[in-house]
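Here is the structure we will look at.
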Amino acid sequence: MSKLKAFLFDVDGTLADTERDAHRVSFNMAFEAAGLDWDWTVPLYGELLEVTGGKERIKHYIDNYLEDINYDGDLPDFIRQLHESKTHFFVKILSEGGIALRPGVERLISEARDAGLKLAIATTTTMENVEALIGQTLGADALKWFEVIAAGDVVPKKKPAPDIYIYAMEKMNLGPEQCLAFEDSHNGILSTTGANLQTIVTINDYTRTHNFNGAALVIDQLGEPDSPFQVISGDAKGHSYFDVALARDIHQRN
Ligand code: XBP
Ligand code: MG
């Protein structure tokens, strides 16, 4: 039995509810700025989330939802420029304080640091977005708390492929039996389980109906001492919020 050494966090939907009110909105802002009449409504965006990665999601939309489009230059270049504009709007929304961390995230990160656990991020989103979220919510210094921030195009295959988690663990010199991962989506848990990681899932409005087979514990949020989580599946061993003690308890069952 290996000792628990690190927490690996997904970002979008896990650290913060970014998809509906930040990513979706910034895609729409980029479309408008480019003179496109595309409108990614809340339900449509839920469908589009099936494809991870902003550039990949735009390509999927073009291929599957549109009859015809007019653009200058070649398609990958057009998508890349649109996505750069989207990242600009996303960072702006975050810099205006538009998004908070989910309940329990700041407390758990702080407890993990006190307990000497390593922290890492494994996300599909762009590095600039991670820096904006962490900087805005925990402060610019907090980026250093994470031994590895594995983001976006650093691996060729995004989630649901396990590559981003494998990359983060390699950089930390740790194996999956020494880590616990935090995710919010079906694509996320396919990625963690593909990397042989034990996984805690905190659901959100876009993912509550997803299949989380293979999760060690599925809860509605990490919770706080005065604001308990709800257990969707798995055994929380009488705990009412997610802390390092519960993480160690779950890890021992591995
Ligand atoms: C997050 C994503 C990302 C964001 C958009 O998935 O799918 O694509 O929606 O980010 P996960 P970019 O939480 O599983 O990592 O536009 O920066 O790609
Ligand atoms: Mg996610």
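The values are calculated or read from the model by the stated rules, or taken from the named source; none is laboratory data. Owing to the predicted nature of the structure, the values given are computational and were not obtained by experimental measurement. No Cβ is skipped: glycine too gets one built from the backbone with ideal geometry, and neighbour counts run over all protein chains shown. When the accessible area is computed, the model is the full protein with side chains, heavy atoms only, and any ligands, DNA or RNA have been set aside. Shrake-Rupley method; radii C 1.70, N 1.55, O 1.52, S 1.80 Å.
Observations on the structure shown:
- Principal axis box of the range 127-173, alpha-carbon based, largest edge first, Å: 30, 22, 13
- Sorted peptide list for 195-202, 102-109, 222-229, criterion being average Cβ within 10 angstrom, highest first: 195-202, 102-109, 222-229
- Considering all different alpha carbon pairs of the range 69-147, the Kirkwood hydrodynamic radius works out to 14.6 Å.
- Relative intensity, log₁₀ I(q)/I(0), of the range 148-241 from a Debye sum that treats every alpha carbon as a point, q = 0.11, 0.16 Å⁻¹: -0.33, -0.68
- Calculated on alpha-carbon atoms, Rg and Dmax of the chain in Å: 18.2, 59
- Label-point separation in nm, ILE232 to ASN196, each point 7 Å along Cα→Cβ: 2.7 nm
- For the range 1-58, alpha-carbon Rg over 2.2 N^0.38 Å: 1.51
- Expressed as a whole percent, the accessible surface of the chain that belongs to carbon and sulfur atoms is 46, based on a 1.4 Å probe.
- GNM top mover of ASP12, ASP68, ASP205 - the chain, alpha-carbon springs below 10 Å: ASP68
- Take the Cβ atoms of ASN254 and HIS60, set R0 to 35 Å, and the FRET efficiency comes out at 0.50.
- Residues with amide H under 5 Å from that of ALA236, placed H, sequence gap 5 or more: none
- Spin-label proximity, ASN70 to the range 20-39 - amide N less than 18 Å from point 7 Å beyond Cα toward beta carbon: 31-39
- Mean accessible surface per residue for the chain, computed with a 1.4 Å probe while every protein chain stays in place, in Å²: 46 Å²
- Shape of the range 106-194, Cα gyration tensor, a/c cut at 1.5: oblate
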